[in-house]
Amino acid sequence: MSAMLLGGRYQVQDKIGAGGMATVYRGLDEVLGRTVAIKTMLPQYANDPSFAARFKQEAQAAAALQSPYIVSVYDWGKDADSYYIVMEYLRGTDLKSGIRKHGALDCKKVAQIGSQIAQALSVAHRHDIIHRDIKPQNIMVQPDGNIKVMDFGIARAKNSHLTQDNSVLGTAHYVSPEQTQGKELGPTTDIYSLGIVMYEAATGQVPFQGDDAITVALKQVNEQPKPPSQLNPNVDPQLEAIILKCMQKNPADRFQTADELYRTLRDYLAGRMQAVNSATAMLPAQVTNKLERGATPMAGGTATMARTERTGRFYAQSATAQAAEEEAERQRKHRRNVILGVVGGIAAVALIVAALVMVLGSGTATKTVPNLANLTVEQAEEAITEAGFVPGEPEYTYNDSVEKGRVCEQDPAAYREMPEGSTINFKVSNGPTPIEQVEVPDLRNKTQEEAEQALKDANLAGNRGTDEESDDVEEGKVSSQDTEPGAMVDAGTTITYHISSGASQKVIPNVVGDSESSARQRLEDEGFVVQVSEEYSSAPEGTVASVSPGVGETAAVGSTVTITVSLGVQYVEVTDVRGWTGSQASTALTNSGFRVTVNGPNDGIVVSQSASGSAPYGSTITLTTEAQQQNQPETPGDIGNGATVEGE
């Protein structure tokens with residue numbers, strides 16, 4: 001199977017698990033480049049129309065469920081004779097293994113896990129899907145502590161024609177009484193199973209145990225569980241009450257919806273104990289219906305306050321209800337006596353058979369379970385067979401400390417005494433847990449904060465490298481990254497990126513005197529944007545008279561440089577200002593576009609000027625003034641002409 005490519009895109013890799021109907025492989029989605037889990041139907045079921053229909057229904061039902069606490073189903077299909085489902089690949093361990101390893105969990109952790117499972121069930125129930133197989137083996141605890149509910153392999157949609165097909169039964173330790181009895185199932189059957197999961201998480205053991213599934217299933221119907229606090233004194237009354245309400249034999253006495261259970265667990269985690277007490281206040285008494293020590297008579301003697309042994313809380317009980325409960329108790333005792341009689345008879349027969357076995361020596365002997373640690377599959381199966389047992393189907397799992405292809409776990413444990421012919425199950429290492437491959441995001445044009453968040457979301461680490469000049473990316477944003485966007489790398493890899501320090505700086509070349517086209521070409525070659533203005537000047541017409549920013553200054557590549565192109569010299573008529581005062585003449589000539597120099601007092605009379613007729617616009621005209629004489633005219637007059645333009 002490891003060389004197969006399903007659906008033209010899913011590469012099947014190593015085996016990671018097996019169940020009664022299907023085998024699960026780790027795989028690679030070659031289109032999206034992500035690791036996935038691929039569940040394929042076992043060959044013996046692939047041609048069975050009933051199982052094929054169930055397999056397809058599982059895929060369709062599960063694919064419709066969207067929740068952070070439900071394993072995602074990406075795709076499903078049929079390739080040749082193989083039905084397959086493509087699912088989210090999860091890292092972590094199942095809750096059953098966690099309880100086996102750590103024992104009873106803290107009350108808050110139990111409530112947190114229960115709350116997340118309840119939220120997952122709420123989503124499923126809104127789609128009219130009953131899971132039917134809620135158990136710790138189907139709860140995956142992820143590295144961050146959150147859970148995902150897996151395996152809707154025996155989930156059934158209410159409107160499905162497969163609803164009445166009870167050929168697949170969930171593990172007996174977790175099934176509800178009505179499921180055992182083959183009755184119609186509703187959301188409360190999942191709530192019962194969740195109650196047992198929380199019971200086991202809080203105490204480290206399941207409430208009902210037996211030598212076989214039938215014995216355990218009968219206990220689910222007929223026996224009351226020990227209060228969790230009797231097995232673990234650290235279980236507080238409020239959590240115990242929540243668990244026991246989930247586990248009521250009568251579905252009507254349980255929480256009626258997963259939402260209701262979730263809200264109660266949320267209140268418990270928030271410390272709203274009054275709300276929890278209200279949600280669990282009507283638990284029926286299971287142990288006694290007499291007025292116990294400490295019970296309080298009600299006014300008028302018509303009712304008592306009976307205390308439940310399981311929660312320690314009191315509830316009102318009328319005389320009529322008390323009488324009815326006493327009658328129910330008598331009937332329960334009668335049924336129990338009948339059952340005990342039957343069980344006693346069976347036990348007596350069993351004792352006789354055991355005695356005969358001992359005398360005749362023809363009974364089933366017990367054998368010592370061999371130690372399978374670090375054996376290959378072939379060696380393990382051989383050791384199991386030689387010891388007188390039956391090897392189970394090997395299950396494959398990742399293990400960081402055991403070599404690939406070697407046994408890393410077994411059940412029952414080594415050196416235990418077990419009946420000859422018992423099945424010995426074992427798990428085989430697939431080697432170290434593979435590091436998840438993730439896609440590198442595009443960080444370009446993001447701020448440093450945005451880049452770091454994008455890397456965090458992709459389960460990668462960030463490192464700011466040396467800043468760099470960039471003509472394309474504005475200052476303060478990512479201009480480049482060492483690993484190309486879209487590349488697949490190990491989760492946790494550090495991606496180095498570089499922040500733009502702005503565009504590179506260059507010196508303005510000396511283009512004064514160049515033609516407009518030459519100046520434009522030289523500036524654009526340096527990376528500048530050229531803007532042109534025109535004005536009259538003494539520079540030759542069509543050449544650059546000035547540059548802004550100035551020649552020799554630095555400017556950012558891509559910034560604008562303005563060149564001023566000369567329109568040539570502009571001649572302007574020069575006003576004859578002889579006989580005017582120096583200040584009057586200076587003002588008049590300046591307004592005409594000339595520069596003016598006055599030799600002599602400003603209030604003196606202009607006796608000569610350096611230019612007459614016409615002169616270049618912007619050129620300098622020099623005026624000579626003399627102090628005014630008494631009786632000298634105060635207005636300009638014709639004193640004569642003969643001044644020349646300066647420099648001529």
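The values are calculated or read from the model by the stated rules, or taken from the named source; none is laboratory data. These numbers come from a predicted model, not from an experiment. Cβ atoms come from the backbone with ideal geometry, glycine included; neighbour counts cover every protein chain shown. These accessible areas exclude ligands, DNA and RNA; they are computed on the full protein's heavy atoms, side chains included. Shrake-Rupley method; radii C 1.70, N 1.55, O 1.52, S 1.80 Å.
Some points to look at:
- Complete set of residues in the range 451-470 that are surrounded by fewer than 18 Cβ atoms within 10 Å (Cβ to Cβ), outside any strand (DSSP E or B) and more than 17 Å from the chain's Cα centre (by Cα): G465, T466, D467, E469
- Counting only strands (runs of 3 or more DSSP E) that sit completely within the range 62-143, those holding 3 or more residues that are open to solvent by less than 60 Å² (accessible area, probe 1.4 Å), touching a Lys or Arg at 6+ places or on another chain (Cβ under 7 Å) and touching a residue at least 12 places away in the same chain (Cβ under 8 Å) correspond to 82-88.
- Test result for S548, polar (S, T, N, Q) and closer than 18 Å to Y617 by Cα: no
- Any hit, the range 148-159, residues being among the small types (G, A, S), modelled with pLDDT under 90, touching a His at 6+ places or on another chain (Cβ under 7 Å) and surrounded by 14 or more Cβ atoms within 10 Å (Cβ to Cβ): yes
- Verdict on V561 being in contact with a Phe, Trp or Tyr (Cβ under 7 Å, 6 or more places away or on another chain), open to solvent by less than 20 Å² (accessible area, probe 1.4 Å) and under 30 Å from E475 (Cα atoms): yes
- Lone qualifier among G579, G568 - being over 60 Å from the mean Cα position of the chain (by Cα), at pLDDT below 90, open to solvent by less than 60 Å² (accessible area, probe 1.4 Å) and small (G, A, S): G568
- When I214 is tested against (1) open to solvent by 50 Å² or more (accessible area, probe 1.4 Å); (2) assigned to a loop (DSSP other than H, G, I, E, B), just one condition goes unmet, and that condition is (2).
- Residue ID - nearest to K477 (Cα to Cα), chosen from residues in the range 389-443 that are among the hydroxyl-bearing types (S, T, Y) and in a strand (DSSP E or B): T397
- Out of V478, V511, sole residue that is without any contact (Cβ under 8 Å) to a residue 40 or more places away in the chain and open to solvent by less than 30 Å² (accessible area, probe 1.4 Å): V478
- Among all positions in the range 354-364, there is at least one residue which is modelled with pLDDT under 85, of a type outside the set (G, A, S) and either open to solvent by less than 60 Å² (accessible area, probe 1.4 Å) or under 30 Å from T493 (Cα atoms) (or both).
- Breaking point among (1) aromatic (F, W, Y); (2) without any contact (Cβ under 8 Å) to a residue 40 or more places away in the chain; (3) farther than 29 Å from Y25 by Cβ, for Y415: (2)
- The range 584-595 - residue that is hydrophobic (A, V, I, L, M, F, W, C) and surrounded by 19 or more Cβ atoms within 10 Å (Cβ to Cβ) and, of those, nearest to V572 (Cα to Cα): F594
- Residue tally, condition open to solvent by 30 Å² or more (accessible area, probe 1.4 Å), under 30 Å from S559 (Cα atoms) and out of contact with any Gly (no Cβ under 8 Å at 6 or more places or on another chain), over the range 486-508: 2
Here is a yes/no grid of residues against (1) hydroxyl-bearing (S, T, Y); (2) touching an Asp or Glu at 6+ places or on another chain (Cβ under 7 Å); (3) in a loop (DSSP other than H, G, I, E, B):
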| residue | (1), (2), (3) |
| --- | --- |
| Q13 | no, no, no |
| V31 | no, no, yes |
| V36 | no, yes, no |
| R54 | no, no, no |
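- Filtered residues of the range 542-560 (kept if touching a Gly at 6+ places or on another chain (Cβ under 7 Å) and not hydroxyl-bearing (S, T, Y)): V544, A556, V557, G558
- Among (1) outside any strand (DSSP E or B); (2) touching a residue at least 40 places away in the same chain (Cβ under 8 Å); (3) basic (K, R) - the single one K506 does not satisfy: (1)
- Residues that are in contact with a helix residue (DSSP H, G or I) (Cβ under 8 Å, 6 or more places away or on another chain) and in a strand (DSSP E or B) within the range 15-29 comprise just one, A22.
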